[in-house]
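We did not get these values from a lab; they are worked out from the coordinates using the rules stated. This is a predicted model, so every value here is computed, not measured. FYI the Cβ positions are ideal-geometry reconstructions off the backbone, even for glycines, and counts take in every protein chain you see.
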Amino acid sequence: MNANSTIDPCNFVIFGTTGNLSAIKLLPAFYHLEAANRLPQDFYVTAFARREWGLDEWCKFVETELTKKLGDKLDREIFAKFIKRMAYVRGELHDLQSYKNLKQELEQPRAGKRANIIFYLSIKPEASSALFLLRWKKYHSCFTLPL
């Protein structure tokens, strides 16, 4: 990043992060931005998925997928820096507790202040239809984060 640029902290939340779109497009794109030193210092990725994983399993998944995509071009030093940006929240789109868990993760201050949040839906179209939108409306208060 340009030393003169000031970018507020950002947390990029990927719903359905263990799917193909995330594995073959999003994660490699973020890794390449990391390798080019183009990610802001306070940029984080929060994975939201159904798999019964913790952070260690998620990081291993990221490493496996990037290795498949990049092979020998995966730089271990860059990857070590990149993986520190990660968090994992296990959840279901229809489960209120999942959103509460996500909110709890997003409330964790990184870099001493709360981040802007981007929600990215990397899920099947039928999962993002009325079910998700109705649940979002019902649970919107879960994401009202105090400044």
| query | What nm value, rounded to one decimal, do you get for the distance between residue 8 and residue 68 when each label is placed 7 Å out toward the C-beta? | reply | 3.6
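Evaluate E = 1/(1 + (r/R0)^6) for residue 29 and residue 52, where r is the Cβ-Cβ distance and R0 equals 25 Å; express this FRET efficiency to the nearest 0.05. It would help to have the intermediate numbers written out before the result.
Values: r = 27 Å, r/R0 = 1.07.
The computed FRET efficiency comes out at 0.40.
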